[in-house]
Every structure is written in C-alpha cells, then in structure tokens.
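The values are calculated or read from the model by the stated rules, or taken from the named source; none is laboratory data. Being a predicted model, the structure only gives us computed values, none of them experimental. Here the Cβ is made from the backbone with ideal geometry for all residues, glycine too, and neighbour counts use every protein chain on show.
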Amino acid sequence: MPVGDLAAATSYYRDRLGFVLDWGGEELGLAGISNGPCRIFLASVGYRASYGNAGPSLIWLNLGSREEVDELHRAWSAAGARIVSAPESKPWGLHEFTAADLDGNLLRVFHDFATPERERREGR
C-alpha cells in the first residue's frame, strides 16, 4: 500500500484500524502489518521509487458474513477511522463499506452474499 509517511501510516493502521506492526520501519521504507489473517505491506515513497507505482490504491477485504462487515465498521468508526461509506447491501450481491487511510488509499470491506445464494439455486 503506497504511503507518504510510513510512521504516520503505521500509527493510523494500528490505532484506527487495529493492525499490528509485524516488521519493518523507516530505515527499510517498508512495513508489514497484520490483523488476524489479513496482511498488508505499507511502502514509503522512497521504497516505491524504483517500481514507479503511486497511490492511492484500492484493496478489497473479503469477510465471512454481513455481521463481520457491520462489526468491523462499528469498531473502525469507534476508533476514529475515516469512513467513506457506511455498510450497505448492494444490488450486485456485496454487503460492503469503504474506509480510507491518511493517503487516500481505500479499503473496501465486503461480504459476497450473492455467490452462495446463486450456487444454492444452481444446485452446486
């Protein structure tokens, strides 16, 4: 995930989104963070320079149920995360909300309820 200030981004992901710093930091320009089975790498401008990639980026976090999506939304909201859109069940079969980090990167948190329903109808 491209970030402008690695220390500030790491603090935001820790304090607002509940991630843990697993390794890395300013000297490397890269940090590995995790929250349960979800792992993300935060990359500074210097680290990304040779790759030519810039933000903002969009990542999708697939959760196991609507309740998990709603629960994470409540937790992130209570912690002061930047919520872009509240949880909503969309006509295309995703129950989702979107949050943003300090650099405008988006985290689209969703549960796909359409696929299991479609598979049940098709007898899979």
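Annotations for the structure displayed:
- Number of the condition not met by residue 104 [criteria: (1) at positive phi; (2) in a strand (DSSP E or B); (3) not polar (S, T, N, Q)]: (2)
- The number of residues in the range 80-104 being surrounded by fewer than 12 Cβ atoms within 10 Å (Cβ to Cβ) and closer than 23 Å to residue 9 by Cα comes to 2.
- Among the candidates 72, 107, 42, residue that is in contact (Cβ under 8 Å) with a residue 60 or more places away in the chain and surrounded by 15 or more Cβ atoms within 10 Å (Cβ to Cβ): 107
- Selection of the range 1-39 for residues being assigned to a strand (DSSP E or B), without any contact (Cβ under 8 Å) to a residue 60 or more places away in the chain and surrounded by 19 or more Cβ atoms within 10 Å (Cβ to Cβ) yields 24, 31, 33.
- Set 27, 67: member being charged (D, E, K, R) and either at pLDDT below 95 or touching a Pro at 6+ places or on another chain (Cβ under 8 Å) (or both): 27
- Residue within the range 45-61 that is polar (S, T, N, Q) and either closer than 17 Å to residue 11 by Cβ or in contact with a Phe, Trp or Tyr (Cβ under 8 Å, 6 or more places away or on another chain) (or both) present: no
- Unmet requirement for residue 42, which otherwise passes all of (1) on the phi > 0 side of the Ramachandran plot; (2) at pLDDT 95 or above: (1)
- Of all residues in the range 44-74 being within 17 Å of residue 106 (Cα to Cα) and of a type in the set (A, V, I, L, M, F, W, C), the one that is farthest from the chain's Cα centre (by Cα): 54
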